[in-house]
Amino acid sequence: MRLPVFVPIVAAVALTAAACGGEGAVSADTPRKARPISPVAGCGATAWSDPADLEPDRAPARCKAGAPAPKPLAKKTKITISSSTGSAEFVAPLRLGIAKGEFAKENLDVEFKQLGVADSIPLLAKGDLDAMWSAPEAAFFNGLQQRFELRWVLGNYSSSPQSKSGLWARVPKGAAPGAVKLDDAQVGTLIGKGSVITYPMSQVLGKHGTSLKKVRFTSLTGPSDTVTALENGGVDAAWMVDPVWKQVDGKPGLRFLGGQPLGEPLGGLIYGPGMLRKNPDAGVAFVRALVRIVNTYFTGDYKKNAAFVGELASSLGLKPEALTAVPAPIWDWEIRKGTTDRLQKAYVEGGALGKTVPESEAVDRTFYEEAVGHKP
């Protein structure tokens, strides 16, 4: 989820606003009309949890396998969705769903495009894209401040408690667990300060007596560079993604300090005006398919099923061992209360965002509530 330079993103969104006469800007201030919600077979009390529940061991919402059942649209509808990659595990439900025909069951024709956040945000706001499978990065909030109608409508996953994807640091031999000092540390990263990873990094740094403002960031070009820089002392600490951290796990002098908050998805599905307002039936159908995919294929430790791992790896263009090398993430379609506030606080601290917006202008939970039949 690497984010290009912040200023051109804002400029691109602003230029798009001028080019399309502010399309999406007026309706962004108008509440969407409430839609009726009916009970959904196979989705009972466990299909929803209180967004304010931030306990790290919270059980994710679940329906029965195969639920919610498809409710095909009367007319075949094409959906164009983008993501920064087509092969990382975080796009697994989307890619597998296309391969298994789960979206087709809703009478949806899904076209996947590989595009970065900088390219996707203006296209989404203009209506040239229907959805983005990514995260509410700083570019997303800057788009909202340009008065575009964009909403985070579905979560993706939180890390397994067994995962050590996160911030790793060099530590003196025999140092106590809390003895790592990171003030003025050189931190290697593959991401910019406008990425969602800024939030958990800020949390980890805070636990060790420093902040984003008190460390020096070094941009690294690839995962292998991250390992080399940390082992050779080129950096004092580095953010390690899956499955790169496995290369340093257990090595003397290197310590895992912390990663993504448990039980809190930091990304997922973002809609533009097309799905939010022009065709909400398609918006609900797409969400319903994704929720069904999670309930059917991604519950528990699905990586213990060798046949399924092979099928999943094929849909992602990966080798099965690339998936089994790290613990399975906990797929979770719900969005926690306050996540966008915490993200924006980190973006402001890191200098990638100037002002913030309330959660009500960034999040819309009604699509998954309707999909599982939950009445708030």
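On the basis of being of a type outside the set (A, V, I, L, M), modelled with pLDDT of 90 or more, more than 22 Å from Glu55 (Cα to Cα) and assigned to a strand (DSSP E or B), does Trp168 make the cut? Yes: the conditions hold for Trp168. Of all residues in segment 322-332, those being surrounded by fewer than 18 Cβ atoms within 10 Å (Cβ to Cβ) and in contact with a strand residue (DSSP E or B) (Cβ under 8 Å, 6 or more places away or on another chain) number 0. When we screen Ala289, Ala285, Ala307 for residues that are more than 25 Å from Leu124 (Cα to Cα) and of a type in the set (A, V, I, L, M), the only hit is Ala307. If you go through segment 115-125 and keep only what is surrounded by fewer than 24 Cβ atoms within 10 Å (Cβ to Cβ) and modelled with pLDDT of 95 or more, you end up with just Leu123.
Looking only at residues that are in a loop (DSSP other than H, G, I, E, B) and small (Gly, Ala, Ser) in segment 358-376, which one is surrounded by the fewest Cβ atoms within 10 Å (Cβ to Cβ)? Outline the logic, then answer.
We begin by selecting, within segment 358-376, every residue in a loop (DSSP other than H, G, I, E, B); these are 358, 362, 364-365, 373-376.
After this cut, where a residue has to be small (Gly, Ala, Ser) as well, the list is 362, 373.
On the way: Ala362: 22, Gly373: 19.
Filtering first and then ranking leaves Gly373.
The number of residues in segment 38-73 that are surrounded by fewer than 12 Cβ atoms within 10 Å (Cβ to Cβ), of a type in the set (A, V, I, L, M, F, W, C) and assigned to a loop (DSSP other than H, G, I, E, B) comes to 2.
Kindly establish whether Lys355 is assigned to a loop (DSSP other than H, G, I, E, B) and in the same structural domain as Ser84 (by TED's automatic domain parsing). Yes: the conditions hold for Lys355. Each residue in segment 98-157 was checked for being within 15 Å of Gly268 (Cβ to Cβ) and assigned to a strand (DSSP E or B), and 10 of them qualify.
A quick yes/no check of all residues on (1) surrounded by fewer than 16 Cβ atoms within 10 Å (Cβ to Cβ); (2) of a type in the set (S, T, N, Q):
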position: Leu312; (1), (2): no, no
position: Ser315; (1), (2): no, yes
position: Lys319; (1), (2): yes, no
position: Glu334; (1), (2): no, no
position: Ala346; (1), (2): no, no
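Identify, from the list Lys173, Lys193, the residue that is part of a loop (DSSP other than H, G, I, E, B), surrounded by 15 or more Cβ atoms within 10 Å (Cβ to Cβ) and either on the phi > 0 side of the Ramachandran plot or touching a residue at least 60 places away in the same chain (Cβ under 8 Å) (or both). So that I can check it myself, show each step before the final result.
On the way: Lys173 fails: surrounded by 15 or more Cβ atoms within 10 Å (Cβ to Cβ).
Lys193 is the lone residue from the list that is part of a loop (DSSP other than H, G, I, E, B), surrounded by 15 or more Cβ atoms within 10 Å (Cβ to Cβ) and either on the phi > 0 side of the Ramachandran plot or touching a residue at least 60 places away in the same chain (Cβ under 8 Å) (or both).
Across segment 249-271, the number of residues qualifying as farther than 18 Å from Gln186 by Cα and over 17 Å from the mean Cα position of the chain (by Cα) comes to 4. In segment 82-141, how many are basic (Lys, Arg) and out of contact with any strand residue (DSSP E or B) (no Cβ under 8 Å at 6 or more places or on another chain)? Total meeting the criteria: 3.
Regarding segment 165-184, can at least one residue be identified that is under 30 Å from Thr366 (Cα atoms), touching an Asp or Glu at 6+ places or on another chain (Cβ under 8 Å) and not assigned by TED's automatic domain parsing to the domain that holds Ser360? So far as segment 165-184 goes, no, none of its residues is under 30 Å from Thr366 (Cα atoms), touching an Asp or Glu at 6+ places or on another chain (Cβ under 8 Å) and not assigned by TED's automatic domain parsing to the domain that holds Ser360. Looking across segment 326-352, the residues that are among the β-branched types (Val, Ile, Thr), in contact (Cβ under 8 Å) with a residue 12 or more places away in the chain and not in a loop (DSSP other than H, G, I, E, B) come down to Ile330, Thr339, Thr340. Would you confirm whether any residue within segment 224-237 is within 19 Å of the chain's Cα centre (by Cα) and either farther than 30 Å from Asp301 by Cα or at pLDDT 95 or above (or both)? No, every residue in segment 224-237 fails to be within 19 Å of the chain's Cα centre (by Cα) and either farther than 30 Å from Asp301 by Cα or at pLDDT 95 or above (or both).
Anything in segment 310-325 that is assigned to a loop (DSSP other than H, G, I, E, B) and closer than 13 Å to Phe90 by Cβ? List them, or say none. Write out each step before concluding.
Pass one, segment 310-325, residues assigned to a loop (DSSP other than H, G, I, E, B): 317-319, 325.
Correct list: Leu318 only.
Within segment 216-267, the residues that satisfy the criterion of being small (Gly, Ala, Ser) and over 25 Å from Gly206 (Cβ atoms) are Gly222, Ser224, Gly250.
All of Glu111, Glu89 fail the test of being in the same structural domain as Ala69 (by TED's automatic domain parsing) and within 13 Å of the chain's Cα centre (by Cα), apart from Glu89. Is at least one residue of segment 223-237 assigned by TED's automatic domain parsing to the domain that holds Ala88, part of a helix (DSSP H, G or I), surrounded by fewer than 22 Cβ atoms within 10 Å (Cβ to Cβ) and in contact with a Ser or Thr (Cβ under 9 Å, 6 or more places away or on another chain)? Within segment 223-237, not a single residue is assigned by TED's automatic domain parsing to the domain that holds Ala88, part of a helix (DSSP H, G or I), surrounded by fewer than 22 Cβ atoms within 10 Å (Cβ to Cβ) and in contact with a Ser or Thr (Cβ under 9 Å, 6 or more places away or on another chain).
The values are calculated or read from the model by the stated rules, or taken from the named source; none is laboratory data. Here the structure is a predicted model, which is why all the values come from computation and not from measurement. Cβ: placed from backbone, ideal geometry, glycine included. Neighbour counts: every protein chain shown.
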